[in-house]
Number of protein chains: 2
Amino acid sequence: MTTTDETQAARPAGRPRSARAEKAIIDATLDLMGEGISLAELSIEAIAARAGVGKTTIYRRWSNKEDLVVDALAKLKSPLPEMGGRSVREDLIAYLEVVRRDACDARSRCVLNIAMNDAERHPRLVERIRQATIEPRRAVMSALLQRGIATGEIRADLDVPVAMATLVGTVMWYVRSVGLDGVDGLPHDIAERIVDQLLAGLASR
Amino acid sequence: MTTTDETQAARPAGRPRSARAEKAIIDATLDLMGEGISLAELSIEAIAARAGVGKTTIYRRWSNKEDLVVDALAKLKSPLPEMGGRSVREDLIAYLEVVRRDACDARSRCVLNIAMNDAERHPRLVERIRQATIEPRRAVMSALLQRGIATGEIRADLDVPVAMATLVGTVMWYVRSVGLDGVDGLPHDIAERIVDQLLAGLASR
DNA sequence: GCGTAGCGAAACTTTAGCGTATCGAAAACG
DNA sequence: CGTTTTCGATACGCTAAAGTTTCGCTACGC
C-alpha cells in the first residue's frame with residue numbers, strides 16, 4: 001500500500017497527536033476529581049475548559065467518560081511504599097507515612113472516594129481500581145505483618161485483617177478529623193507515634 | 001388587623017399543611033442520600049417522586065435544597081451511645097458496636113459521606129453537621145479514655161487523639177474493606193475483638 | 001356553605017451537558 | 001510546496017433535569 005515499512009513503525013501521515021494536550025487532559029481530569037467532583041458530575045466540557053483544549057481533542061482519544069477516567073487513574077498509580085526491611089516497626093512507619101501523604105493529597109484521595117462512593121453505579125470501574133491500586137497494597141501490608149509474626153516482633157495470635165484496618169484506618173481517620181483544619185498542621189512524626197502506640201497497646205501494663 | 005389574637009397562635013386561614021407529606025419528604029430525602037446520592041446529584045424531582053408528593057409541596061416549605069437537607073439530617077440525629085459504665089473496656093466495646101452499626105446503616109453513612117466529601121462546596125452545612133453530630137460523639141469518646149486513664153485501665157501517657165482515631169478508624173476501615181462484600185457477613189463480635197486487640201497491643205510480649 | 005390556602009399533577013421555560021460537525025490554522029511528511 | 005491529520009474554537013440539535021407556574025380539587029375555619 002504505502003511505501004513505508006508497515007511491519008515496524010507504520011507511522012501515520014499528517015500532524016501527530018500532541019502529547020502535551022493529552023497530559024493536560026489527564027491532569028485536568030485528576031484535578032477536577034481531586035476537588036471532590038463525583039464521577040457523575042464530571043463533565044467533558046469542564047475537563048476541556050480546564051485543560052485549555054477543544055472537546056474534539058478529547059473525543060478523538062476516548063470514546064466515553066469512563067475510559068478517560070480509567071486512563072487518568074492509571075497515570076496516578078503512586079509507587080508502592082519502599083520499605084527498608086530492617087525491622088517490621090520501621091517498615092510499618094514507612095508504610096503509614098506513605099498512607100499519610102496519600103491521604104493528604106487531593107488527587108490520591110479521589111481514588112478512594114470513587115472506590116467507596118461509586119461502587120454500585122460503576123462496578124466494573126471500581127473493580128478495576130481495586131485490583132490495580134488497593135489489592136497490591138493490602139498484600140504488602142499483610143505480608144509485612146506475617147513477617148513480623150515469623151520474626152517474633154508481632155504477637156503470634158494477631159488478627160491480621162483487624163490489624164490492617166487499625167493501621168490504615170487510624171491514619172485515614174486521624175487525617176480526616178484532626179487534619180481537616182489544616183492539612184499541613186499535622187505532626188510530622190504522626191506515623192511513628194501511631195505505630196509505637198499500637199505496638200505497645202492502649203492498656204496500662 | 002384580623003380578629004384573631006396575633007400575640008399567641010395567629011393560625012392562618014385555609015387548609016393546614018400536611019404533616020404526613022412533610023414526613024414523607026424527609027424520609028425520601030434520607031433514603032435517597034442513604035443510597036449514595038451525593039448532595040449535588042440529589043434532585044428535588046426525585047425526592048418528590050419518591051415521596052409521592054408534588055414538587056410544589058416541597059418548594060412551599062424549603063426554598064432550596066440545602067435547607068431541606070439540613071432539616072432532614074436534623075431529624076436523623078441518632079441517640080448517643082448508651083454505656084453501662086462498668087469498665088472502660090466494656091464501654092469501649094459498647095461504643096464501637098454503635099459505630100459499627102452506624103457504619104453499616106445507609107442513612108447514617110450518608111451523614112459522614114457529606115461531611116467528608118462536600119466540605120469545600122457546602123462549608124456551612126458541613127459545619128452544622130459537625131457541631132450537631134460529630135463533636136458530641138468525640139467528646140464522649142474522649143471522656144471515656146480520660147476516665148480509663150484515671151482508673152488505671154488505660155496507660156497514663158496515651159496519645160488520646162491518636163487513640164480516638166484508632167478506635168473509630170479501625171471499625172470504619174474494617175467495615176469498608178472487609179465488609180464491602182457482604183455487610184451482613186461481618187463477625188458479630190468485631191467490636192469486642194478490636195477493643196481487646198488494641199488494648200493488648202500488636203507487639204508480642 | 002364560603003373563602004382561603006394547601007394538595008398533586010402536569011405544562012412551561014431555562015439551563016447544562018453530550019456528541020457531532022465544521023472551520024481556519026498548524027504541524028509533520030514526502 | 002502539497003497532502004494529510006490534528007489542533008482549538010464554535011455552533012448545532014438533542015436530552016435530562018431544574019425550578020416555576022397553572023389548574024382542578026380538597027380540607028379546614030369562620
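The values are calculated or read from the model by the stated rules, or taken from the named source; none is laboratory data. Note that the coordinates shown come from a computational prediction; the quantities given were computed from them, not determined experimentally. Heads up, the Cβs are rebuilt from the backbone with ideal geometry, glycines too, and the neighbour counts pull from every protein chain shown. These area figures cover heavy atoms from the full protein model, side chains too; ligands, DNA and RNA do not enter into them. Shrake-Rupley method; radii C 1.70, N 1.55, O 1.52, S 1.80 Å.
For segment A:170-182, does any single residue satisfy the condition of being modelled with pLDDT of 95 or more and more than 7 Å from chain B (Cβ to nearest Cβ)? Yes, segment A:170-182 contains a residue that is modelled with pLDDT of 95 or more and more than 7 Å from chain B (Cβ to nearest Cβ). Taken over segment B:99-113, the criterion of being crowded, with 20+ Cβ neighbours inside 10 Å and over 23 Å from B:ILE194 (Cβ atoms) is satisfied by B:CYS110 alone. If the condition is being touching a helix residue (DSSP H, G or I) at 6+ places or on another chain (Cβ under 7 Å), more than 8 Å from DNA strand C (Cβ to nearest atom) and within 14 Å of chain B (Cβ to nearest Cβ), then segment A:39-86 contributes only A:LEU39.
Taking (1) within 14 Å of chain B (Cβ to nearest Cβ); (2) away from DNA strand C (no atom under 16 Å from the Cβ) in turn, A:GLU35 satisfies each apart from (2). Please tell me if B:MET116 is of a type in the set (A, V, I, L, M, F, W, C), more than 23 Å from A:GLY201 (Cβ to Cβ) and either touching a residue at least 12 places away in the same chain (Cβ under 8 Å) or assigned to a helix (DSSP H, G or I) (or both). Yes; evaluated as a whole, the condition is true for this residue. Can you work out which of the residues in segment A:16-36 that are open to solvent by 50 Å² or more (accessible area, probe 1.4 Å) and under 30 Å from B:LEU42 (Cβ atoms) is farthest from DNA strand D (Cβ to nearest atom)? The selected residue is A:GLU35.
With the requirement that a residue be closer than 12 Å to A:ALA28 by Cα and in a helix (DSSP H, G or I), what does segment A:45-72 give you? Hits for segment A:45-72 are A:GLU45, A:ALA46, A:ILE47, A:ALA48, A:ALA49, A:ARG50, A:ALA51, A:ILE58, A:LEU68, A:VAL69, A:ALA72.
Yes/no per residue for (1) over 20 Å from B:THR166 (Cβ atoms); (2) in contact with a Pro (Cβ under 7 Å, 6 or more places away or on another chain); (3) of a type outside the set (S, T, N, Q):
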residue: A:HIS122; (1), (2), (3): yes, no, yes
residue: A:ARG128; (1), (2), (3): yes, no, yes
residue: A:GLN131; (1), (2), (3): yes, no, no
residue: A:MET141; (1), (2), (3): no, no, yes
residue: A:LEU158; (1), (2), (3): no, no, yes
residue: A:MET164; (1), (2), (3): no, no, yes
residue: A:LEU167; (1), (2), (3): no, no, yes
residue: A:PRO187; (1), (2), (3): no, no, yes
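Every residue, every condition in (1) more than 27 Å from B:ARG130 (Cβ to Cβ); (2) in contact with a Gly (Cβ under 9 Å, 6 or more places away or on another chain); (3) outside the structural domain of A:LEU42 (by TED's automatic domain parsing); (4) aromatic (Phe, Trp, Tyr), yes or no:
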{"site": "A:ARG107", "(1), (2), (3), (4)": "no, yes, yes, no"}
{"site": "A:ILE114", "(1), (2), (3), (4)": "no, no, yes, no"}
{"site": "A:ASP118", "(1), (2), (3), (4)": "no, yes, yes, no"}
{"site": "A:GLU127", "(1), (2), (3), (4)": "yes, no, yes, no"}
{"site": "A:SER142", "(1), (2), (3), (4)": "yes, no, yes, no"}
{"site": "A:ALA163", "(1), (2), (3), (4)": "yes, no, yes, no"}
{"site": "A:VAL175", "(1), (2), (3), (4)": "no, no, yes, no"}
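Taken across segment B:180-194, residues that are within 19 Å of the chain's Cα centre (by Cα) and in a helix (DSSP H, G or I) do occur, with at least one present. Restricting segment A:138-158 to residues that are in a helix (DSSP H, G or I) and open to solvent by less than 40 Å² (accessible area, probe 1.4 Å) leaves a set whose member that is nearest to A:VAL168 (Cα to Cα) is A:MET141.
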